[in-house]
Amino acid sequence: MSTFALLIVVACGLAWATFDAQRKMLVQHLGPVEVTALLAIAQTPLFAAWLIFEGSWHIDPGYWQPAAAVGAANLAASLLFFEALRRAPLSTMAPLLSLTPVFSAIFADLALGETLTATQQLGIGAVVIGAFLLSLPAAEGANM
């Protein structure tokens with residue numbers, strides 16, 4: 001891996017971590033609709049820059065229906081996620097966020113026929129059990 005590629009990876013990781021922390025704090029001051037709108041507005045210049053860099057503005061007609069479905073699902077997920085952050089302590093929500101790749105893998109299996117290997121299934125099971133255990137209330141008097 002080149003030094004430049006490594007720097008890009010590190011920069012993306014730091015940018016995502018910063019963004020994630022900011023949106024979790026921002027939802028304490030703004031409603032889910034406002035935070036979702038700000039997220040969409042902030043992404044627009046990056047998407048436009050990507051289109052300009054690629055030099056392609058053509059979108060196939062077959063793209064619109066799945067894009068609309070994904071957009072609607074993303075909108076609903078964002079609104080529900082930000083509302084959940086407002087209602088529940090982050091320490092309760094964070095373990096449940098680890099289930100995101102689990103659902104992605106399961107839906108890929110169902111929708112695309114991508115068969116999960118035994119190792120992947122065991123990994124999914126471990127993640128689900130871990131998220132469940134981390135979500136349990138702490139025993140009274142337990143020190144963590």
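Radius of gyration over Kirkwood radius for the chain, both on Cα atoms: the Rg/Rh ratio is 1.01. Of the DSSP H helices in the chain, those with a Cα length along their own long axis of 24 Å or more and a mean Kyte-Doolittle hydropathy reaching 0.0 comprise 3-26, 32-54, 64-87, 118-135.
Taking the Cβ-Cβ separation of residue 97 and residue 14 as r and a Förster radius of 22 Å, what is the calculated FRET efficiency to the nearest 0.05? Don't skip to the answer; put the middle values down first.
Values: r = 19 Å, r/R0 = 0.85.
The calculated FRET efficiency here is 0.75.
A Förster distance of 35 Å, applied to the separation of the beta-carbon atoms of residue 86 and residue 64, puts the FRET efficiency at 0.60.
Multiply the residue gap between residue 115 and residue 52 by 0.36 nm, knock off their C-alpha separation, and tell me the result in nm, one decimal place. Mind showing how you got there, number by number?
Working: separation 63, 0.36 × 63 = 22.68 nm, distance 3.66 nm.
Here the segment from residue 115 to residue 52 would lengthen by 19.0 nm.
The loop-placed GluC sites (Glu not before Pro) in region 34-136, going by DSSP, that have at most 13 neighbouring Cβ atoms within 10 Å of their Cβ come out as 114.
Every number in this text was worked out from the coordinates using simple rules, so none of it is lab data. Bear in mind that the values here come from a model prediction, so they are computed numbers and not experimental data. We place every Cβ from the backbone using ideal geometry, glycine too, and count neighbours over all the protein chains shown.
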